[in-house]
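First comes the structure, then the notes that go with it.
The values are calculated or read from the model by the stated rules, or taken from the named source; none is laboratory data. As the structure is a prediction and not an experimental result, all values here were calculated from the model. Counting neighbours? That spans all protein chains shown, and the Cβs are built from the backbone with ideal geometry, glycine included. With ligands, DNA and RNA removed, areas are computed over all heavy atoms of the protein, side chains included. Shrake-Rupley method; radii C 1.70, N 1.55, O 1.52, S 1.80 Å.
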Amino acid sequence: MAGSLTLALRTAQSGLLANQEALNAVANNISNVNTPGYSRKVVNMEQRVVSGVGSGVQVGEVVRKVDEGLLKSMRNEFGTLNAFDARSPYYQRLQEIFGKPEDNTSIGHTLTEFTTAIETLSVNPANTLEQSEVMRKGKDVADQLQRMNDTIQELRVQADRDITEATTRITQLLDSIGTLNNKLIANKAVSADVTDLRDQRDQALDQLSGLIDISYYYRDDGDAVVFTKAGRTLVDNSTATISHDQASALSPTSTHAEGDIGGIYIGAQISTNDITNEIRNGTLRGLLDMRDDVLTNLQSQIDELSGQVRDAINQAHNAGSPFPGLQTMNGTRTFIDGDNQSITFGGTTDTTIALMDGSGNQTAVTTIRTLVGGATTTINNLASSVQTWLQANGVTGATVALNSTGKLDISLNTTTANLVFRDQTATADGSTASDASIQFNANGAAAGTFEETVSGFSNFFGLNDFYIDSLPDDIHDTNILSSTYTLPSNTTLTFYNAANSPAGAGMGSVALTAGQSLDQIIAAVNNAGIGLTASKVPDGDGFRLRFSEDNGTDMVVVADNTFATDTGLDISNVRASQRLKVRDDIVSTPGNLSRGALQWDSDKGAAGEYIMSASDNATVEALATRMSQSTQFSKAGGLTALNVSVVSYSISI
């Protein structure tokens, strides 16, 4: 009887204890109904049997009411959502600097105001106030493009900083998951409740899935094994360390593809552990997209805009002159070997060179072909011939030579004479004004071999540029090429710089074989070890093949066939927006703005003479036309090749 009574009391007690556990679970469920990360707990009861005899009830297991399949799907969506959220503040900042096309702060509006100022000057080209307005509005364009460049690079640095913070947080979460794994396994081994530990681990997994794409599974002992979607192990008995060295500053030429920006490493910082290109989702993917895709594409677009605005305005500006001419001209094109590099006038075109007095009257005149004795001349022979002619025609102190940086400088060293160039269709005085065709032989090869053709003699040398950027010719890019590009025919590329000029053997040559991919071309050039680096730079939906001189000095790249023409290989526009500015002497003296052009007056003198007029607006009208007419823009940063005005292109951006 006593035994039965004791059993009955024990049985009743088991019911009280079991239901106390259940009531505790209900209380926790109710109190945590709004607690993030908490899952509803259910206490499962089971009959207790001792020696084959029922002896009450016991708690079998406390389980969480969680749909693991749905949870995995949600974690995938967390990654997608966080990738968008990571980009959102950057787009807002970009909107502030780029503005809407109709905003007064947009680059399109600034370009329109520049065009309007030029058109206003064309009505009265001698008006100093309107000359200053053209200078000011042109400067506004350059300043705004620089600000856009600076903002893009600041945002890239911010994205890189956020990437560093994200990798630090990922490592913390991995450590937390590893610690919770150990506690959960230990508690489960002694049949303790582990549901709250599972909740904590789920919260860590939720946060982790928002930062980087993950997959995971659970072992029978409750251990969670976590790895990236690309298969890199993050948690498995031990935890991985994710690291990224933050960049202190970035420039338009800084890319992860070229190794300028540190990778995201799992474990030791070696190339095989770089998972940057493997990350598919989460905050990290969103930040990487901004740093290496969205922002670099915008940079490519504004550099293309800057380069085309620079070239279009400079071509028209070089065709004219301020009244009554210039006494100093500082070229912007760099020559690495003036004794061997040469130019050839195409067809019958020629360039008149005239000395004018203070009233715009001709005092001496000749042509470049006449001075150098034909259509072709080396750069140094050209400089020497022009200097000799100037000194022989009363400007005894005149100097014409390549300066220490390889640019053509002309200085009359007098205030009583002025120099003007005029491109013509032929050599004869008074021939129709038209840009001369200047063919450039960059490597001193046999006559008839040209690497570049430029419209306009002064424009070729950059003697009277409106916009300058003072960039070295150390980076050469192709147009955007497909990721599947292969070399169509055997090609030899030869590279030159000032130290290894055409006078010598050059920096070196690299023989490429038909069928080689971009990666194989890059490997061949880099393996040659000749002082430059080849790389594949992402841009829009493809890649640019880039050659960079290792010391940042001017370089010439020559192909033995049509490779350069076919791929668009040329001096790169990268950094153009960063460095673009109005020429210093125009800023200080707006009267140096080209307004008119050398004109032929058949009634002057015995058989006609050239004159300059203060009221001539020919060049100003040409400047306005260049701003409004269609310009061919190359494919850049996701924008297709466009033949539109500069304002229309800015709106496309």
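A few comments on the model shown:
- Residue match in segment 275-285 (condition: without any contact (Cβ under 8 Å) to a residue 40 or more places away in the chain and either closer than 30 Å to Gln207 by Cα or in a loop (DSSP other than H, G, I, E, B) (or both)): yes
- Among the residues of segment 594-653, those identified as under 20 Å from Val309 (Cα atoms) and charged (D, E, K, R) are Arg595, Glu621, Arg626, Lys635.
- Selection within segment 262-278 - touching a helix residue (DSSP H, G or I) at 6+ places or on another chain (Cβ under 7 Å) and within 20 Å of Phe543 (Cα to Cα): Gly263, Thr276
- Failed item, numbered, when Asp570 is tested on (1) closer than 24 Å to Glu258 by Cα; (2) charged (D, E, K, R); (3) free of Cβ contacts under 8 Å to residues at least 24 places away in the same chain: (3)
- Selection within segment 240-278 - under 30 Å from Leu580 (Cβ atoms), crowded, with 19+ Cβ neighbours inside 10 Å and among the β-branched types (Val, Ile, Thr): Thr255, Ile261
- Hits in segment 81-119 (condition: out of contact with any Gly (no Cβ under 6 Å at 6 or more places or on another chain), outside any helix (DSSP H, G or I) and surrounded by 15 or more Cβ atoms within 10 Å (Cβ to Cβ)): Gly99
- Flag for Thr351 being of a type in the set (Ser, Thr, Tyr), open to solvent by less than 10 Å² (accessible area, probe 1.4 Å) and either within 17 Å of Leu408 (Cα to Cα) or not in a loop (DSSP other than H, G, I, E, B) (or both): yes
- On inspection, Asn479 does not qualify as surrounded by 20 or more Cβ atoms within 10 Å (Cβ to Cβ), of a type outside the set (Val, Ile, Thr) and touching a residue at least 12 places away in the same chain (Cβ under 8 Å).
- Taking strands (runs of 3 or more DSSP E) as the structural unit, those lying wholly within segment 392-445 and holding at least 3 residues that are closer than 18 Å to Gly331 by Cβ and of a type in the set (A, V, I, L, M, F, W, C) correspond to 399-402, 418-424.
- Residue under evaluation Lys229, criteria (1) crowded, with 21+ Cβ neighbours inside 10 Å; (2) touching a residue at least 40 places away in the same chain (Cβ under 8 Å), criterion not met: (1)
- Flag if Asp206 is at pLDDT below 95 and open to solvent by less than 70 Å² (accessible area, probe 1.4 Å): yes
- Restricting Leu463, Leu493, Leu471 to residues that are of a type in the set (A, V, I, L, M), part of a strand (DSSP E or B) and either in contact (Cβ under 8 Å) with a residue 60 or more places away in the chain or open to solvent by 30 Å² or more (accessible area, probe 1.4 Å) (or both) narrows the list to Leu493.
- When Ser594 is tested against (1) at pLDDT below 95; (2) touching a His at 6+ places or on another chain (Cβ under 7 Å), only condition (1) is not met.
- Annotation note: of Asp162, Asp150, the sole residue that is assigned to a helix (DSSP H, G or I) and farther than 30 Å from Ile214 by Cβ is Asp150.
- The one condition in (1) touching a residue at least 60 places away in the same chain (Cβ under 8 Å); (2) assigned to a helix (DSSP H, G or I); (3) out of contact with any Ser or Thr (no Cβ under 6 Å at 6 or more places or on another chain) that Leu145 fails to fulfil: (3)
- Scanning segment 120-131 for residues that are crowded, with 17+ Cβ neighbours inside 10 Å and either part of a helix (DSSP H, G or I) or without any contact (Cβ under 8 Å) to a residue 12 or more places away in the chain (or both) turns up Thr120, Leu121, Ser122, Glu130, Gln131.
- Just so you know, in segment 211-226 the residues that are in a loop (DSSP other than H, G, I, E, B) and open to solvent by 20 Å² or more (accessible area, probe 1.4 Å) include one that is farthest from Ala189 (Cα to Cα), and it is Arg219.
- Reported count of residues in segment 513-541, each being surrounded by fewer than 20 Cβ atoms within 10 Å (Cβ to Cβ), hydrophobic (A, V, I, L, M, F, W, C) and in contact (Cβ under 8 Å) with a residue 12 or more places away in the chain, is 5.
- Entry remark, segment 600-647: residues being within 29 Å of Asn124 (Cβ to Cβ), surrounded by 15 or more Cβ atoms within 10 Å (Cβ to Cβ) and free of Cβ contacts under 8 Å to residues at least 60 places away in the same chain number 1 in total.
- Taken over segment 313-359, residues that are farther than 24 Å from Ala426 by Cα and of a type in the set (Val, Ile, Thr) amount to 5.
- Across segment 288-307, the qualifying residues are those that are farther than 15 Å from Gln146 by Cα and touching a Phe, Trp or Tyr at 6+ places or on another chain (Cβ under 8 Å), and the one among them that is surrounded by the most Cβ atoms within 10 Å (Cβ to Cβ) is Met290.
- Residue tally, condition under 17 Å from Leu94 (Cβ atoms), crowded, with 22+ Cβ neighbours inside 10 Å and not polar (S, T, N, Q), over segment 132-154: 3
- Taken together, Asn418, Asn393, Asn441 contain a single residue that is farther than 30 Å from Asp601 by Cβ and in contact (Cβ under 8 Å) with a residue 24 or more places away in the chain, which is Asn441.
- Test: residue in segment 326-342 that is of a type outside the set (Phe, Trp, Tyr), over 30 Å from Arg544 (Cα atoms), open to solvent by less than 20 Å² (accessible area, probe 1.4 Å) and in a helix (DSSP H, G or I): no
- Consider segment 398-432 and keep the residues that are among the aliphatic types (A, V, I, L, M) and surrounded by fewer than 18 Cβ atoms within 10 Å (Cβ to Cβ). The one that is nearest to Thr363 (Cα to Cα) is Ala428.
- Pairs with Cβ under 6 Å, 6+ apart, first in segment 243-255 and more than 26 Å from Leu545 (Cα to Cα), second open to solvent by 70 Å² or more (accessible area, probe 1.4 Å): Gln246/Arg161
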